[in-house]
Every structure is written in structure tokens, then in C-alpha cells.
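Before any comments, here is the structure.
The values are calculated or read from the model by the stated rules, or taken from the named source; none is laboratory data. Nothing here was measured: the structure is a model prediction, and the numbers come from that model. Positions of Cβ are backbone-derived with ideal geometry, glycine not excepted, and every protein chain shown enters the neighbour counts. To get the accessible areas, we keep the full protein, side chains included, count just its heavy atoms, and leave off ligands, DNA and RNA. Shrake-Rupley method; radii C 1.70, N 1.55, O 1.52, S 1.80 Å.
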Amino acid sequence: MVRSFKPASLLEALHIRKDNDVMVYGGGSDVMIKYRSWSGTPAQFPKDVLYIGHLEELKSIDISDSEIAIGATVSYAQFLQDERIPIEYKRPIEQIGSVAIRNIGTFAGNICNASPAGDTLPMLYALNAKVIVMSTVGKREFAIENFITGPGSTCLKNDEILTHIIIPNKTYSHSYYCKVGTRKANAISKVSVFAIADVFKHQVTDIRIAIGSCGPTVIRLKDVEAKIIGSKMSDLDLMIESVLMMVDDKIVPIDDVRSTKIYRSKVALNLIEAFLIKELRQ
Ligand SMILES: Cc1cc2nc3c(=O)[nH]c(=O)nc-3n(C[C@H](O)[C@H](O)[C@H](O)COP(=O)(O)OP(=O)(O)OC[C@H]3O[C@@H](n4cnc5c(N)ncnc54)[C@H](O)[C@@H]3O)c2cc1C
């Protein structure tokens with residue numbers, strides 16, 4: 001018989017985590033599907049569960065001049081409704097699931113699920129997001145790209161809970177998120193691209209690009225970014241062919257139930273070209 005825990009505080013949750021072999025969950029929109037039972041009986045969890053979705057200590061979005069700290073139980077809907085959050089950070093989140101999923105799903109769940117198709121992840125990689133995890137003995141901080149180690153795998157230890165996600169509080173002159181799925185809404189990405197840039201006096205002064213679903217983890221295109229930063233907008237047309245070749249070398253798409261390697265690779269290059277040649281000009 002699986003036991004379920006509903007702690008009154010984060011401290012109690014951390015002690016339950018330390019003393020028991022439990023699976024933590026927040027919104028439950030991944031775990032309830034993963035362990036669903038088809039016969040209408042309760043979900044078949046492989047171990048005891050620790051519910052943290054109600055913990056007030058993790059439900060706030062704290063904003064300073066330089067950073068935005070998102071608590072682990074902040075839902076996507078709460079994030080979208082917060083008028084202090086820059087609009088460019090909301091674009092990928094608006095495209096996640098449906099209203100119902102956005103009402104319960106969290107960044108923390110998306111990160112710990114560690115799917116290369118997770119819609120928060122290209123943005124978090126591009127923004128150099130940090131992830132804070134806590135246990136009864138203290139906290140650890142990771143860059144998102146170090147925290148996620150492969151499909152479905154992270155650095156989280158058995159006694160830890162992810163408590164916060166930190167992103168910079170900054171706006172950019174250009175931003176882009178394009179997710180290609182089977183349908184326009186409520187579909188998991190076959191390919192996704194998040195990009196932001198600052199263009200000043202027709203020169204690209206900053207650019208970040210990350211691709212989802214084209215490798216075992218989200219891929220950040222740092223070499224491509226370095227090649228483009230400092231370029232004049234008028235040079236982009238001349239550079240585009242070599243840039244796309246660099247992207248093609250970097251991505252490692254696969255054939256799976258959602259799509260094919262060839263489709264993913266073609267669409268990823270098309271999306272990057274659309275951002276660099278079209279969106280950046282607007
Ligand atoms: C119909 C439907 C549509 C969906 N559409 C999308 C979509 O468009 N894009 C997308 O990216 N995803 C989608 N998802 C997947 C899911 O909604 C997201 O991944 C969501 O962000 C998961 O958040 P959660 O809080 O519900 O995670 P949960 O199910 O609670 O947890 C997910 C995983 O993270 C772990 N975990 C959760 N919180 C913590 C924590 N604080 N500390 C440590 N471990 C933790 C859990 O143990 C589990 O392994 C969809 C799911 C459904 C059912």
C-alpha cells in the first residue's frame with residue numbers, strides 16, 4: 001500500500017524526504033499520467049508520494065531589480081497573470097498544454113521531468129536560469145544545463161526538493177518562441193526554438209538561442225551566438241548559410257513516436273532562419 005504525505009511546511013517536507021523513499025510532486029500533471037491506471041482505480045505509484053503543491057513558502061514569485069525567483073509550486077497560470085514578468089518570458093508558457101494544465105503545471109515539474117520537449121526548458125537554457133534545491137542539510141545551486149543530465153535525469157538527490165528557479169529580470173528588444181507540434185494547442189513539441197536578442201543601432205549586441213526536442217537535452221547554440229554577436233543586421237543574410245550549417249552540426253534529432261529525425265532537423269533550421277532573417281528585422 002502506497003502512503004501519501006501532505007506536510008504543513010517546507011521543513012517538514014524536507015524531513016519526510018530525508019526519512020522516507022518518496023516521490024515528490026507538485027501539479028501532478030506528469031506523474032498522474034505516467035502512473036495512471038486504465039481501469040479507473042487510483043494511480044499506481046511505484047513508491048510513497050510527497051505532495052508539495054499546497055506549500056505557501058514555495059508559491060511566490062519574488063522580483064528584484066536583477067532577478068526573478070519562481071517558487072516550485074507557482075503554477076503557469078500564476079506566472080502568466082503576474083504583470084511584473086516581462087512578456088517575452090510568457091510566450092513559451094502560454095503555449096503549454098491547455099488552461100487546465102496551466103492551472104496546475106509548474107516550472108519545477110517540467111524541469112525535474114527533464115524531457116527535451118519540455119516547453120519551459122529552451123527559455124530557461126537561453127536565460128542561463130539557476131535552479132535551487134534544498135535538503136535538511138542545506139541548499140545547492142545549479143545552472144539549468146548542469147542540473148539536467150539527460151532525458152528524464154537530473155542531479156536531484158533522493159533527500160532534495162527543487163525549491164526555486166531563478167531567471168534574470170531583463171527585457172530584450174527581440175524575442176521568439178516557436179513550438180511545432182501535431183496540433184496548435186495541447187500538443188507536445190516535435191521541435192521548439194526559443195531565442196532572444198538585443199539589437200542596437202542595427203548591430204546585434206546580445207543573442208541567445210536554444211532548441212528543444214533535437215537532442216537528449218535542450219541544446220543551447222553558444223557557438224552560433226558568439227558568431228552573430230557584434231554583427232550588423234545587414235551581414236546576417238550573408239552569414240545565414242554558415243550559421244545554419246553550424247546548427248545542423250550541433251543538433252542530434254532522433255526518430256520517435258512524435259516525429260522523424262529528418263523532419264526535426266529541417267524544421268529546426270527553418271525556425272532559426274525565420275528568427276534571424278525575419279523576426280530580428282521587426
Ligand atoms: C494534457 C497534458 C498536456 C501537456 N502539455 C504540455 C506542453 O504543452 N508542454 C510541456 O512542456 N509539458 C506538457 N505537459 C506535461 C506537464 O504538464 C508539464 O511537464 C508540467 O510542467 C509538469 O509540472 P507538474 O508540477 O504538474 O509536475 P509533476 O507531475 O508534479 O512532477 C513532474 C516530475 O517532477 C518531479 N517534481 C515535481 N516538483 C518537484 C520538486 N519541487 N522537487 C523535486 N521534484 C519535483 C516529480 O517527482 C516528477 O518526476 C502536459 C501534460 C498533460 C497531462
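Descriptive notes on the structure:
- Charge-dipole axis of the range 4-168 as Lys and Arg at +1 and Asp and Glu at -1 on Cβ define it, positive-most pick from THR41, ILE93, ILE148: THR41
- Within the accessible area of the chain (1.4 Å probe), percent carbon and sulfur: 53 percent
- Charge tally in the Cβ shell below 15 Å around PHE107, where Lys, Arg are +1 and Asp, Glu are -1, PHE107 excluded: -1
- Modelled FRET efficiency - R0 30 Å, HIS54 with GLU94, Cβ distances, 0.05 increments: 0.75
- The share of Cα pairs per 10 Å bin across the range 4-168, counted from zero up to the longest distance, runs 10, 41, 37, 11, 1, 0 percent.
- The chain, relative contact order [Cα under 8 Å, separation at least 6], %: 15 percent
- Computed per residue of the chain from DSSP H runs no shorter than four, each worth -39500 (n - 2.57), the mean residue ellipticity at 222 nm is -8500 deg cm²/dmol.
- For the range 84-96, the Karplus equation 6.51 cos²θ - 1.76 cosθ + 1.60, evaluated at θ = phi - 60°, returns couplings of 7, 7, x, 4, 5, 7, 8, 4, x, 6, 4, 9, 7 Hz by residue, with Gly and Pro reported as x.
- Estimated distance in nm for a label pair at ASP206 and SER242, the labels positioned 7 Å out from Cα along Cα-to-Cβ: 2.6 nm
- Each label point was placed 7 Å from the Cα along the Cα-to-Cβ direction; for SER64 and ALA43 their separation is 3.5 nm.
- For VAL22, net neighbour charge (Lys/Arg +1, Asp/Glu -1) across residues whose Cβ lies under 11 Å away: 0
- Highest mean first, the peptides 255-263, 45-53 sorted by other C-beta atoms within 10 Å per residue fall in the order 45-53, 255-263.
- Sequentially through the range 52-67, phi angles give Karplus couplings (6.51, -1.76, 1.60; θ = phi - 60°) of 10, x, 8, 5, 4, 4, 10, 9, 10, 10, 9, 10, 10, 4, 10, 9 Hz, Gly and Pro residues having no value and appearing as x.
- In Hz, Karplus ³J(HN,Hα) per residue of the range 134-147 (6.51, -1.76, 1.60; θ = phi - 60°; x = Gly, Pro): 10, 9, 5, 9, x, 10, 10, 10, 10, 6, 3, 6, 8, 5
- Average accessible area per residue (Å²) across the chain - probe 1.4 Å, nucleic acids and ligands excluded: 49 Å²
- Cα shape, the range 140-229, gyration tensor, a/c 1.5 rule: oblate
- Note on the range 174-281: the alpha carbon radius of gyration divided by the globular reference 2.2 N^0.38 Å gives 1.06.
- A cut-off under 9 angstrom between Cβ atoms defines the neighbours of VAL133, and their net charge, with Lys, Arg +1 and Asp, Glu -1, is +1.
- At 1.567 mPa s and 4 °C, Stokes diffusion of the range 70-193 via Kirkwood alpha-carbon radius, µm² per second: 87 µm²/s
- Its Cα centre serving as origin, the range 77-124 has a Cβ charge dipole (Lys and Arg +1, Asp and Glu -1) of approximately 40 debye.
- Expressed per residue, the C-alpha convex hull volume of the chain stands at 133 Å³.
- Model label points for LYS157 and ASP223, set 7 angstrom from Cα along the Cα-to-Cβ axis, are 3.6 nm apart.
- The range 1-98, dipole about Cα centre (Lys/Arg Cβ +1, Asp/Glu Cβ -1), debye to the nearest 20: 560 debye
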